Every structure is written in C-alpha cells, then in structure tokens.
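Chemist: Following this message is one structure expressed as structure tokens.
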Amino acid sequence: MKELVEIIAKALVDNPDAVVVNEIAGEQSVIIELKVAPEDMGKVIGKQGRIARAIRTVVKAAATKMNKRVVVEII
C-alpha cells in the first residue's frame with residue numbers, strides 16, 4: 001500500500017523528492033501518512049478534495065483484495 005500511494009503522489013507533484021510516505025500498522029487497520037511539499041499540497045488534494053478522494057478510493061480497492069482496512073491521511 002505504501003508503494004502505491006508513493007507512486008501516485010510522485011506522479012502528481014512538481015517536487016517528487018519531497019514526497020514522504022509513512023505506514024503505521026494497527027490491529028484492525030493500516031494508516032498511511034502522505035507528506036508533500038507545501039507548494040504541492042493543492043495538487044495532491046485537488047479541487048474540493050477530488051484527487052485526495054480518488055487516491056483513497058484506489059488504495060481502499062487494493063486493500064480490499066488483501067482483506068485489510070486502510071486510511072490515507074494527507075499531512
């Protein structure tokens with residue numbers, strides 16, 4: 001999951017070196033934290049959060065195949 005979020009985020013931003021993805025595993029779910037450069041924040045979130053919602057949907061679909069629950073947080 002971490003690699004998937006990282007690939008998607010690096011494709012969207014102008015500064016791919018500033019993309020940092022952390023994966024925190026819990027008992028029931030996995031939390032993925034996505035950090036980007038401040039000037040790239042709008043590109044990852046998108047208008048009215050559409051791109052962020054799309055990223056979460058793709059990750060959720062991939063997690064369903066693995067029978068896991070994943071939460072993506074953009075920081």
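Chemist: Of all residues in region 1-18, count the ones that are open to solvent by 80 Å² or more (accessible area, probe 1.4 Å) and of a type in the set (Val, Ile, Thr). Let's see the steps before the verdict.
Modeler: Keep residues of region 1-18 that are open to solvent by 80 Å² or more (accessible area, probe 1.4 Å), which gives 3, 7, 10-11, 14, 17.
Filter once more, keeping what is of a type in the set (Val, Ile, Thr): 7.
Residues that pass the stated criteria total 1.
Chemist: If we keep just the residues of region 27-48 that are closer than 24 Å to Lys68 by Cα and of a type outside the set (A, V, I, L, M), which is surrounded by the fewest Cβ atoms within 10 Å (Cβ to Cβ)?
Modeler: Here the residue is Glu27.
Chemist: Another question, if that's okay. So which of Lys68, Lys2 ends up being more than 9 Å from the chain's Cα centre (by Cα) and not small (Gly, Ala, Ser)?
Modeler: Lys68
Chemist: Any idea how many residues of region 2-23 are in contact with an Asp or Glu (Cβ under 7 Å, 6 or more places away or on another chain) and either in contact (Cβ under 8 Å) with a residue 60 or more places away in the chain or assigned to a strand (DSSP E or B) (or both)?
Modeler: 2
Chemist: If you check Ile24 against the conditions, is it open to solvent by 50 Å² or more (accessible area, probe 1.4 Å), within 21 Å of Lys65 (Cα to Cα), of a type in the set (Val, Ile, Thr) and out of contact with any Leu (no Cβ under 8 Å at 6 or more places or on another chain)?
Modeler: Spelling it out, Ile24 is indeed open to solvent by 50 Å² or more (accessible area, probe 1.4 Å), within 21 Å of Lys65 (Cα to Cα), of a type in the set (Val, Ile, Thr) and out of contact with any Leu (no Cβ under 8 Å at 6 or more places or on another chain).
Chemist: Name the pairs: first residue in region 54-69 and closer than 17 Å to Glu23 by Cα, second residue of a type in the set (Lys, Arg), Cβ to Cβ under 7 Å, at least 6 apart or on different chains?
Modeler: Ala63/Arg69
The values are calculated or read from the model by the stated rules, or taken from the named source; none is laboratory data. Here the structure is a predicted model, which is why all the values come from computation and not from measurement. Counting neighbours? That spans all protein chains shown, and the Cβs are built from the backbone with ideal geometry, glycine included. With ligands, DNA and RNA removed, areas are computed over all heavy atoms of the protein, side chains included. Shrake-Rupley method; radii C 1.70, N 1.55, O 1.52, S 1.80 Å.
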